[in-house]
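A.B. asks: Sharing a structure, written as structure tokens. Questions coming.
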Amino acid sequence: MEAKSPCTHLGSLTQIIEDEEYVCPECVALGDEWVHLRVCQTCGHVGCCDNSKNKHATRHFHATNHPVITSAEPGERWAWCYIDSAFAEY
């Protein structure tokens, strides 16, 4: 994976954690809908994106400090590091 800016978090990814179910469990529990899903590359947590009402992926980062998410959207192959504000395609 090649980051567009120096980021040790993105550079250290060796295997991408995929989403198996394509749901935001926290939105499901609330009875809410989401726009897009993101997957935490530290623990596999699936959360909705910042365009979604609840922003569960970013909330997860603030609660855990897990730095990297990937898109769970079909056909999208990118990662984002919250700490370094760095983006990479893979």
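Rule-based calculations on the coordinates, nothing more; no lab input. Please read all numbers here as calculations on a predicted model, not as lab measurements. As a convention, Cβ positions derive from the backbone with ideal geometry for all residues, glycine included, and neighbour counts pool all protein chains shown.
A.B. asks: So, of the residues in the stretch 72-90 that are free of Cβ contacts under 8 Å to residues at least 60 places away in the same chain and crowded, with 19+ Cβ neighbours inside 10 Å, which turns out to be farthest from Asp32 (Cα to Cα)?
C.D. replies: Residue satisfying both the conditions and the ranking: Trp80.
A.B. asks: Which residue pairs have Cβ atoms under 6 Å apart, sit 6 or more places apart or on different chains, and have a first residue in the stretch 18-31 that is more than 16 Å from Lys55 (Cβ to Cβ) and a second that is part of a loop (DSSP other than H, G, I, E, B)?
C.D. replies: Going by the 6 Å Cβ cut-off, the qualifying pairs are Asp19/Ala72.
A.B. asks: May I pose another question? Kindly establish whether Phe61 is in contact (Cβ under 8 Å) with a residue 60 or more places away in the chain, at negative phi, not aliphatic (A, V, I, L, M) and not in a loop (DSSP other than H, G, I, E, B).
C.D. replies: Criteria not met by Phe61.
A.B. asks: Go through the stretch 32-58 and count every residue that is touching a residue at least 24 places away in the same chain (Cβ under 8 Å) and not in a loop (DSSP other than H, G, I, E, B).
C.D. replies: Of the residues in that region, 8 qualify.
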